[in-house]
Amino acid sequence: MTDNISEEEKILRRIPVEILVLSFVIALASIFLLNPLTALFIFAGGAFSALSFIWLKRSISRLLLFKNGDNPSREKGQSPFLEKKRGRHFYVKKGDRHLYGKKEEPVSFFRGQSPFLKKALRSALALYGIRLVLIIAIFFIIIFFFSRNIIAFVAGFSTMVPVFLAEAVIGLSRMKQWKS
Amino acid sequence: MPNKLPSKINYRKIAAISSLGLMLPSSIAVGLFLGYYLDKFFGTHPWLLLVFFILGAVSGFYSLLRGLSKFKDE
């Protein structure tokens, strides 16, 4: 079971790195083909895309923690969400302890319609909303001050698409090997 | 047959996160491209770019919310 999670985590951790590498390669090519400022914007877009993927992953992990966990407990030094999972025990960041009621006792939660899920969803959405505002603010700055380079930034921001496609192809090929 | 079978990966989770991750950037990108070229066509720089960017961001966030609620219900 832990192998499954580590494999998923490996893939999900690999994606932002691949986005960065791909945007760096495109930026490097555009230094010679276009101009250095465009290259910088492409790389910035890629970096921002990787960052937004990490944020989204964290928000979803937070949601999944509340959905799947049924015996959360806290131990010192265990962090962060879903990064370490042993059997059915989850270890939670200090700041999220309030969602579990008492500190040390393992509390059973998410049996049926739990208010914890709603709370978790709300907090995950709020965090992602704040990050979305940041994304919009950065786009606004680029639109007003560097409007000629907005397409370069968007191109970098969209490097996520080929990376996901590549990962899907790799995943499918592995599934085919596994079955044959 | 390979010597060691690869461990079974939960592709469902990866696919869900990937599709949710793609929703926002793709909507923003489509809005920006549309706005950029419409601005060029009508000479209204940068207003259509702004309008379409906001539309793209709002629609992306809306589809993300819908995706998350579907994800929550499954």
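Descriptive notes on the structure:
- Put a dot 7 Å past the Cα of residue B:19, heading toward its Cβ, do the same for residue A:37, and the two dots end up 4.1 nm apart.
- In this rough spin-label picture, where each label sits 7 Å from Cα along the Cβ direction, the residue A:10-residue A:127 distance is 2.6 nm.
- Average other protein chain Cβ within 10 Å of Cβ, residues A:141-149: 2
- Peptide A:29-37, shielding by other chains (average Cβ, 10 Å cutoff): 0
- Each peptide among B:28-37, A:43-52 gets the average number of other Cβ atoms lying within 10 Å of its residues, and from highest to lowest they stand as A:43-52, B:28-37.
- Average partner coverage of B:24-32, which counts Cβ from other chains inside 10 Å: 6
- Entries of B:13/B:40; A:57/B:40; A:10/A:119 with Cα pairs more than 31 Å apart: B:13/B:40; A:57/B:40
- Most tightly packed first, judged by the mean number of other beta-carbon atoms within 10 Å of their residues, the peptides A:158-166, A:23-31 read A:158-166, A:23-31.
Every read-out reported here was derived from the displayed coordinates using simple, explicitly stated rules and does not represent laboratory data. What you are looking at is a predicted structure, and each value in this text was computed from that prediction instead of being measured. Glycine also receives a Cβ, built like all others from the backbone with ideal geometry; neighbour counts cover every protein chain displayed.
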